[in-house]
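Peer 1: One structure is given below, represented as structure tokens, and several questions about it will come after.
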Amino acid sequence: MKKIILLVLITSSNFVIAQAKWFTPYTDSIALVKDGNIVSEKFIKDVRKIKPNINFDVKTILHTTPYLIYYDGKEKTANLPLWSQVIQEQQQFFYEVAGSELEGKKAFGYFFNGFYLPHELGHALQEIIEGNLNGSYENEYFANTVAILWWKKNGREKELKECYESAKTMWGKLPNPIPEGMTIQEYFSKNYEKASENPYVYGYMQFKQFILIYEDKNLPDFDNFVQRYLDKN
């Protein structure tokens, strides 16, 4: 029993330490991967408390690409970006929509070395339960909801509020890409791949979803949300 309690305390301590840096732009790739795996392990542990027999294992790795952060279902990896490796055009995008170089780099940390890791793990959960799904507005909304509820469960309200304020600033500077006569859901579900290649278009959807979900006062907690999802599938 003492060994079990000690293991729980060590695991909790590691997560607290990892969270201290999370939501900031990392400069050390080794620390980013280490902390990312601690966050991922905690997320998976929380899901297994809801569904103990689930076959859910994801490794977090460094892999900076123009997609910035994504889940690779074939390799079972959550791929994280390092700011210093992000291409200049994307760095300039953050500077522009966040308002300055300082705020742009902070916004990158809030979301891509922070919020979006459990978002990608939400996609991993979807794949385990429903199979390989195509990108869509609805699937992104699910993953964003999972991430917001999970961070709330783990006490990161302060960081979520910082993400929210940053998302409002950036979204407010993005042009509306939705053609007249179409809803945002229709547009992104029909044009998802093309939209995901353009940060101005994709950011419009992602930041808007974050704002809507953050402001939704009728959502259940993480455990109940995931349990309802599992019950439906």
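The values are calculated or read from the model by the stated rules, or taken from the named source; none is laboratory data. No experiment lies behind these values; they were computed from the predicted model shown. Positions of Cβ are generated from backbone atoms using ideal geometry, with glycine treated the same way; all protein chains shown enter the neighbour counts. Note: accessible area is taken over every heavy atom of the protein model, side chains too, but ligands, DNA and RNA are not part of it. Shrake-Rupley method; radii C 1.70, N 1.55, O 1.52, S 1.80 Å.
Peer 1: I need a count of the residues in region 16-52 that are modelled with pLDDT under 95 and open to solvent by 10 Å² or more (accessible area, probe 1.4 Å).
Peer 2: Number satisfying all stated conditions: 5.
Peer 1: Condition test on PHE112, is it buried (at least 16 other Cβ atoms within 10 Å of the Cβ), closer than 21 Å to ILE213 by Cα and touching a Pro at 6+ places or on another chain (Cβ under 8 Å)?
Peer 2: Yes.
Peer 1: Answer yes or no: is there a residue in region 98-107 that is in a loop (DSSP other than H, G, I, E, B) and more than 14 Å from the chain's Cα centre (by Cα).
Peer 2: yes
Peer 1: Shifting gears a bit: Of (1) within 23 Å of ALA124 (Cα to Cα); (2) without any contact (Cβ under 8 Å) to a residue 40 or more places away in the chain, GLY181 satisfies all except one. Which?
Peer 2: Answer for GLY181: the failing condition is (1).
Peer 1: Please indicate, with yes or no, whether at least one residue in region 196-212 is in contact with a helix residue (DSSP H, G or I) (Cβ under 7 Å, 6 or more places away or on another chain) and modelled with pLDDT under 95.
Peer 2: Yes, region 196-212 contains a residue that is in contact with a helix residue (DSSP H, G or I) (Cβ under 7 Å, 6 or more places away or on another chain) and modelled with pLDDT under 95.
Peer 1: Here is a follow-up. Select from region 214-233 the residues that are over 29 Å from SER166 (Cβ atoms), in a helix (DSSP H, G or I) and in contact (Cβ under 8 Å) with a residue 24 or more places away in the chain and list them in ascending order.
Peer 2: Across region 214-233, the qualifying residues are GLN227, LEU230.
Peer 1: Kindly indicate whether any position in region 75-85 is at pLDDT 95 or above, of a type outside the set (Phe, Trp, Tyr), more than 14 Å from the chain's Cα centre (by Cα) and buried (at least 18 other Cβ atoms within 10 Å of the Cβ).
Peer 2: Yes, there is a match, as at least one residue in region 75-85 is at pLDDT 95 or above, of a type outside the set (Phe, Trp, Tyr), more than 14 Å from the chain's Cα centre (by Cα) and buried (at least 18 other Cβ atoms within 10 Å of the Cβ).
Peer 1: Sticking with this structure for a sec: Could you tell me which residue of region 141-170 is surrounded by the most Cβ atoms within 10 Å (Cβ to Cβ), considering only residues that are over 14 Å from the mean Cα position of the chain (by Cα) and among the small types (Gly, Ala, Ser)?
Peer 2: SER166
Peer 1: Here are the criteria: (1) open to solvent by 10 Å² or more (accessible area, probe 1.4 Å); (2) closer than 29 Å to TYR95 by Cβ. Tell me which single one ASN132 does not satisfy.
Peer 2: With (1) open to solvent by 10 Å² or more (accessible area, probe 1.4 Å); (2) closer than 29 Å to TYR95 by Cβ applied to ASN132, the lone miss is (2).
Peer 1: If you check THR64 against the conditions, is it in a loop (DSSP other than H, G, I, E, B) and modelled with pLDDT of 95 or more?
Peer 2: Spelling it out, THR64 is indeed in a loop (DSSP other than H, G, I, E, B) and modelled with pLDDT of 95 or more.
Peer 1: Of all residues in region 171-217, which are under 25 Å from ILE87 (Cβ atoms), open to solvent by less than 20 Å² (accessible area, probe 1.4 Å) and within 17 Å of the chain's Cα centre (by Cα)?
Peer 2: GLY203, MET205, GLN206, PHE207, GLN209, PHE210
Peer 1: Please determine, by comparing only the residues of region 94-124 that are among the small types (Gly, Ala, Ser) and touching a Ser or Thr at 6+ places or on another chain (Cβ under 7 Å), which one is farthest from LEU32 (Cα to Cα).
Peer 2: Ranking the candidates gives GLY99 first.
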